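Notes to accompany the following structure.
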Amino acid sequence: MSRTQQPDRTVRECVDGDDVRVRLWRSDPEFAARIEIVATKKWAFGIDDESIATLLTSTATGGLVCDPDVPGWVGEILVGFGVADIDTRRAQ
């Protein structure tokens, strides 16, 4: 997916007083879709054909690169976009 490609959907939300931007791309060379959530930290998820979100990148790590801190509100946003489950182990 080219970073210059426009997202198919962009949503702004206020979560606990923070401005959150959510961008959805329905075309991705590796996934059925991609969702990027940006607040004070950033999370990017690839969404497969079974609506499973796989964490691709994050600026929020709990000390270990393999142990990302995905807040509950991020999961709620993903569910709102139709995600059935979240795999926080980063894709290889």
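Miscellaneous remarks
- Scaled to the globular estimate 2.2 N^0.38 Å, the Cα spread of segment 9-87, given as radius of gyration, is 1.03.
- Length-normalised contact order for segment 9-87 - Cα pairs under 8 Å, 6+ apart - percent: 19
- The label point for V79 and the one for V11, both projected 7 Å from the Cα toward the Cβ, are 1.3 nm apart.
- Computing FRET efficiency as 1/(1 + (r/R0)^6) for S27 and T59, where r is the C-beta to C-beta distance and R0 is 35 Å, gives about 0.90.
Just so you know, all these numbers are worked out from the coordinates, no wet-lab data involved. Quick caveat, the model's predicted, so the values are computed rather than measured. Quick reminder, even Gly has a Cβ in these numbers, built from the backbone with ideal geometry, and neighbours come from all protein chains shown.
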